[in-house]
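**Student:** First the structure, which I've put down as structure tokens, then a few questions once you've had a look.
The values are calculated or read from the model by the stated rules, or taken from the named source; none is laboratory data. Because the structure is predicted, anything quoted here is derived from the model rather than measured. As a convention, Cβ positions derive from the backbone with ideal geometry for all residues, glycine included, and neighbour counts pool all protein chains shown.
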């Protein structure tokens, strides 16, 4: 029994020394931990900086945020020198704004959309201050909103305005009927899908006018030939 007590006491003394060695850090300078394991609910706290080094660098800055990679003068709660890669099913979420700054700017606004470039007061899911360069742009007709593709012009029941009616509207309003005015485009911008559909409507109407004029010209030529034959 006495031997068992001596063994237990020795084990307790060794354990105390190990704990003291793991948790005793110098007041100044750098403390190096070669291995660290913690239970699930444990935390590391302190008034200074936790610096994890390897091929790259990881700093956990007290109150200032988290820095990944070498220090490069960035300022934020998360500062990364290098690239960020997410797994296919992972997302970045939060209640605020993710702001990626550089020569230009990229804002990811919670629920409000994405701003590329400087903010300029626009509204939309994607707002770009500057030029968009693309090899192809495709607009989806999701319910078509306030526009319909203009093939209805060729329906038998379509009422094509006469050219005198078109002329009267232009003289009174200084623009084609159904097209946005200069004031509207200046104020609200240009909605590509409905305006493109409306332009197609005008092109199809012009096609019908040309077909009708061709028929009238053919009839006039026939009348001229009849008159010529009577005069001979």
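**Student:** Determine whether residue 171 is part of a helix (DSSP H, G or I) and free of Cβ contacts under 8 Å to residues at least 40 places away in the same chain.
**Tutor:** Working: part of a helix (DSSP H, G or I): yes; free of Cβ contacts under 8 Å to residues at least 40 places away in the same chain: yes.
Yes, satisfied.
**Student:** In region 142-168, how many residues are outside any loop (DSSP other than H, G, I, E, B) and surrounded by 10 or more Cβ atoms within 10 Å (Cβ to Cβ)?
**Tutor:** 10
**Student:** Within region 80-141, considering only strands (runs of 3 or more DSSP E) that don't extend past its boundaries, which have at least 1 residues that are at pLDDT 75 or above and loosely packed, with under 11 Cβ neighbours inside 10 Å? Before the answer, list the steps.
**Tutor:** On the way: elements: 97-101, 105-109, 113-116, 126-128.
Qualifying strands (runs of 3 or more DSSP E): 126-128.
**Student:** Does residue 218 satisfy the condition of being closer than 30 Å to residue 123 by Cβ and modelled with pLDDT under 95?
**Tutor:** no
**Student:** Also: Scan region 195-208 and tell me whether some residue there is over 23 Å from residue 141 (Cβ atoms) and surrounded by fewer than 10 Cβ atoms within 10 Å (Cβ to Cβ).
**Tutor:** Looking only at region 195-208, we keep the residues that are over 23 Å from residue 141 (Cβ atoms), and these are 206, 208.
Still in the list and also surrounded by fewer than 10 Cβ atoms within 10 Å (Cβ to Cβ): none.
No, region 195-208 contains no residue that is over 23 Å from residue 141 (Cβ atoms) and surrounded by fewer than 10 Cβ atoms within 10 Å (Cβ to Cβ).
**Student:** Test residue 193 against the stated conditions and say whether it is part of a helix (DSSP H, G or I), under 30 Å from residue 126 (Cβ atoms) and in contact with a helix residue (DSSP H, G or I) (Cβ under 7 Å, 6 or more places away or on another chain).
**Tutor:** no
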